[in-house]
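Notes follow the structure.
Every number here is computed from the coordinates shown, using simple stated rules; none is lab data. Values in this document were obtained by computation on a predicted structure and should not be read as measured data. Positions of Cβ are backbone-derived with ideal geometry, glycine not excepted, and every protein chain shown enters the neighbour counts.
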Amino acid sequence: MLRVLTLSTLFPDAGRPSFGVFVERQTLALAARDEVEVEVVAPVGLPVPPLSLHPHYRAKARLPARESWQGLTVHRPRFRIWPKTGAAGAARSLAAAALPLLRSLRFDVIDAEFFWPDGVAAMHLAEALGRPYSVKARGSDVHFWGGRPEVARQMVEAARKAGGLLAVSAAMKADMAALGMPEDRIRVHHTGVDLARFRPLDRREAKRKLGVSGPLIVAPGNLVPLKGQHLAVAALADLPEATLLIAGEGPERAALETLIAARGLGGRARLLGSVPPAAMPELLGAADLLLLPSEREGLANVWIEALACGTPILIADVGGAREAIDRPEAGRLVEREPRAIAAAALEMLAAPPDPLAVRRAAERFSWERNAAELFEHLSSLCS
């Protein structure tokens, strides 16, 4: 029996059911294996009072210290954070807060799901407890935090001391190596997809339920500048028959509302807010095209989910984009510029591929395969 402690600051909770859902899915798939026991430690970062009383932190502060989540035992120890001023100390703070809990748990290996602060905290915890650990890189943990020297140094140290490392794509592996992480110990570990939930639908009927007629473009993701929803809105002006549905929530919502109004697109561009995970298959299945012109990505789960629904994707050439688009039917890479996006979208909408041919690009991804590879990787660290 392999006893795994999954350490992840990216994990859903009652207030954020879509937050880190890809970590939840991976962990559930691993826990479903007969030879594995999993406990999750999902630390909650809170500032000192009175900052912790701010509405942004109120829901987090109310989370239970321990709960059952989708059949998993999830522990949520609190650790101190210093917004905007003390980011470089987050990993040590997390490790110090979690150490008493981990001393009470039985596990063989720590599986850290994000490099910062999870991976660096795993290094400190593993050293204190004499356990091996692995760290997975997913995207902004390397691309954003790797650009901050005081954090990057800690990440590279954690990578060099880890028993093994995982990268969500081959492109991410190359980025990790460029940062100074040991390339020979990095294994590419692609995401999975539930092919039973994400599948082609009757697109016309799915659009009708959404109140849409004509071409439908879906742009999912957190509403932050790097995801490029503003580029999707700007491109819509040159797509006169199309409707754009933006699924997600975040700090750019007001700016996007202003842009939609300024371009006179209120009748064709809608902000859906945060879409529950259970509703995503129908939304992606209704779309003729998924558009996500991100500035950076690892290998976005929503790319693969759209492909599984038979929906081609139009994305920037970032991260593992070329690993997702492995055939013409799967979609196209595009420059992050509204006119280029509009031109590519027009061509794709004019000649839609067979949804079943699109779906075949996703069939090499599954949570069962993801779990088997993760089990093999973590077991090797304990042998």
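Taking amide H atoms as placed 1.01 Å from N in the peptide plane, the amide H of V38 lies under 5 Å from those of V4, each 5 or more residues away in sequence or on another chain. Measuring between alpha carbons in the structure, the pairs from K60/K207; K207/K227; K173/K207; K173/K209; K173/K227 lying more than 32 angstrom apart are K60/K207; K173/K207; K173/K209. With contacts taken as Cα pairs under 8 Å at a separation of at least 6 residues, segment 203-300 carries a relative contact order of 41 percent.
For segment 203-359, the alpha-carbon coordinates run over 38, 34, 31 Å along the three principal axes, in decreasing order. Segment R58..L356, full-extension length gain: 102.8 nm, with 0.36 nm per residue of separation and the alpha-carbon distance subtracted. DSSP bridge analysis restricted to the chain gives an antiparallel fraction near 10%, rounded to the nearest 5.
For the chain, modelled as a GNM whose springs connect Cα atoms under 10 angstrom apart, the maximal fluctuation among P276, P49, P149 occurs at P49. Between A340 and R187, the contour length at 0.36 nm per residue exceeds the Cα-Cα span by 51.6 nm. Max-minus-min Cα coordinates of segment 52-182 on each principal axis give 40, 35, 28 Å, with the largest extent listed first. Between L356, L51, L72, which gets the highest mean-square fluctuation from a Gaussian network model of the chain, Cα cutoff 10 Å? Taking springs between Cα atoms under 10 Å, the residue moving most is L51.
Farthest toward the positive end of the dipole of the chain, out of G264, G164, P352, is the Cα of G264, where the dipole comes from beta carbon charges about the Cα centre. Structural descriptor for segment 109-187: relative contact order 29 percent, calculated from alpha carbon pairs under 8 angstrom and at least 6 residues apart.
Diffusion of segment 246-318 by Stokes-Einstein, at 4 °C in a medium of 1.567 mPa s and with Rh set to the Kirkwood radius over alpha-carbon pairs, works out to 96 µm²/s.
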